[in-house]
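Report on the structure given below.
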Amino acid sequence: MEKGQIVTIDIVDMSNEGKGIGKIEGLAIFVDGVVIGDKITAEITKVKKNYCFAKLVEINKPSIYRVASACEYSKECGGCTLTELTYDAQLAWKEKMILDRLTRLGGLENPAINPIIGTDQQFRYRNKAQMPISGGGLITRKGGLQENVGSIAIGFYKAKSHSVVNCRKCLLQSEASEAVADAVRKFMKQDNILAYDPKWEKGLFRHLIVKTAMNTGEVMAIIAINGKAIPNSEKMVAMMDAAINDLPPRADGVEYSLESVAVNVNKKKSTEIMGEECIIIAGKPTILERVGKFQFEISPHSFYQVNPVQMNKLYKKAAEYAGLTGTETVLDLYCGVGTIGIFCAENAKRVIGIESVKSAVLDANRNATINGAVNAEFICGKVEEVLPKLLNGYEGRDGEMVAPIKPDVVILDPPRSGCYPNLLEEVAKAEPKKIIYVSCDPATLARDIKILGELGYEFMEGTPVDMFPQTVHTEIVCLLEKRK
């Protein structure tokens, strides 16, 4: 293959980034903007040893799985890459991707994977929006020179760039997040607020984070800033409140209300979205969400699954795999605000959760109290540091010895990067009968399952749950049992 060469190919698969994959004489060709089943003409743009990249020239015959995207920003925004694929085809592709990772990377032969649990709510399901902010007018450089950094944009990054697409309507987010973003745009324009520009390290507003409790309608808005305060912030809060109050009730009768506004101080030169310090400037420090019979308080820093409808299904499956009878001790590692541990607490003897984010642990213990889970406690610290102490016993603050914990079930719900190998070794040393692994990345899941297999744990089965319709991401919960 040569750069500039025109080729005709069938798209037979898609990559984990949503690129279409075609093949010529066994050589993989990656193409943006196509779906499985398309027959296309493309131009080769980059040639590697074992694969090529190409750009779409023409769709010669559209796939039977192709649909018109409902999103006006789908060609710009790097968020939802599967909007031109039918939902049934999305689910089938995600099942195939998970099977491929578990067999190819995890070394499993014919792993037992149940059909993926889909959803009737393919849009407006996300309860958290993280929107970068750019533009706002003139930045004055050293020496007095001025540079126009463009009009205000609040939205999402273009694929593989830090250029912000000004998304006024995102079909995955709540209507409340759109209303808050529009209010912030107007406030920035009226009060001449500049967005932070990493090139010149100037400007104030960095990110807008909006959390929506989907079942109660409570909304939290967080502005991450390159400073300590927002000038005329009372006006901004009033504009946010008015924008949300103007929204009509949802079809299910839920009405949105602004309950919390926070300023997050982030003066770092890195790409981190939020700094450590959060200052509540209006309303409550948390918002309340309900999932089934449970209630959860959510604070600015705390992790909480973004799709509450599918989260309920995911955690029910995790509890089913745990098979608790009321006599077990459960360790909930990377516990966030305690959701999955609290789901399991009513059928366990004891639940102990570990989480490194202090505010999330405070939320988790408060959530345990709210839900009457008196047998659940949550500890702050890095999992890989706290877990060995719990398993081996340690000296308490008053000099007394705290007895070792012997877990019957360990729940792992790590970040996308998966677990540290030494953590998996510690878990295996504790010899729980079952390990429940919840993952949002099939590749790191497969890697960790392979390690756990070498440590004496057998993969029994897994159930994918489509937490992120219209995107390439998915979630899966797996059951592993100790080999006899």
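Summary of values
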| read-out | value |
| --- | --- |
| Options Gly37, Gly118, Gly137, Gly106; residue that is modelled with pLDDT of 95 or more and within 30 Å of Pro300 (Cα to Cα) | Gly118 |
| Selection within the stretch 280-298 - under 20 Å from the mean Cα position of the chain (by Cα), part of a strand (DSSP E or B) and of a type outside the set (A, V, I, L, M) | Glu289, Arg290, Phe296, Glu297 |
| Within the stretch 191-211, considering residues that are out of contact with any strand residue (DSSP E or B) (no Cβ under 8 Å at 6 or more places or on another chain) and touching a residue at least 40 places away in the same chain (Cβ under 8 Å), the one farthest from Glu175 (Cα to Cα) | Glu201 |
| Residue within the stretch 408-418 that is more than 19 Å from Val386 (Cβ to Cβ) and in the same structural domain as Ala345 (by TED's automatic domain parsing) present | yes |
| Output for the stretch 441-458, where each listed residue is in contact (Cβ under 8 Å) with a residue 24 or more places away in the chain and part of a helix (DSSP H, G or I) | Pro442, Ala443, Thr444, Leu445, Ala446, Arg447, Asp448, Ile449, Lys450, Ile451, Leu452, Gly453 |
| Residue count, the stretch 1-27 (criterion: small (Gly, Ala, Ser) and either in contact with a helix residue (DSSP H, G or I) (Cβ under 8 Å, 6 or more places away or on another chain) or crowded, with 17+ Cβ neighbours inside 10 Å (or both)) | 3 |
| Residue in the stretch 231-252 that is in contact (Cβ under 8 Å) with a residue 40 or more places away in the chain, more than 22 Å from Ile154 (Cα to Cα), surrounded by 15 or more Cβ atoms within 10 Å (Cβ to Cβ) and not assigned by TED's automatic domain parsing to the domain that holds Gln470 present | yes |
| Residue within the stretch 160-179 that is within 19 Å of Val261 (Cα to Cα), in a helix (DSSP H, G or I) and charged (D, E, K, R) present | yes |
| Tally of residues being of a type outside the set (S, T, N, Q), under 13 Å from Cys278 (Cα atoms) and buried (at least 17 other Cβ atoms within 10 Å of the Cβ) across the stretch 215-229 | 6 |
| The one condition in (1) closer than 29 Å to Lys484 by Cβ; (2) surrounded by fewer than 14 Cβ atoms within 10 Å (Cβ to Cβ) that Arg350 fails to fulfil | (2) |
| Number of the exception - Ala262 against (1) without any contact (Cβ under 8 Å) to a residue 60 or more places away in the chain; (2) within 26 Å of Ser161 (Cβ to Cβ) | (2) |
| Residue pairs meeting the criteria (Cβ under 8 Å; at least 6 apart or on separate chains; first more than 22 Å from Gly79 (Cα to Cα), in the stretch 1-30; second of a type in the set (S, T, N, Q)) | Lys3/Thr45; Ile6/Thr41; Val7/Thr41; Thr8/Thr41; Thr8/Asn60; Leu27/Asn50; Ala28/Asn50 |
| Residue list for the stretch 390-416, restricted to those being over 27 Å from Tyr304 (Cβ atoms) and of a type outside the set (A, V, I, L, M, F, W, C) | Asn392, Gly393, Tyr394, Glu395, Gly396, Arg397, Asp398, Gly399, Glu400, Pro404, Lys406 |
| Answer from Val477, Val465, Val472, Val438 - the residue that is closer than 16 Å to Asn307 by Cα, touching a residue at least 60 places away in the same chain (Cβ under 8 Å), surrounded by fewer than 23 Cβ atoms within 10 Å (Cβ to Cβ) and in contact with a helix residue (DSSP H, G or I) (Cβ under 7 Å, 6 or more places away or on another chain) | Val438 |
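The values are calculated or read from the model by the stated rules, or taken from the named source; none is laboratory data. Since the structure is predicted, the reported quantities are computational estimates derived from the model, not experimental observations. Virtual Cβ from ideal backbone geometry, glycine too; neighbours counted across all protein chains shown.
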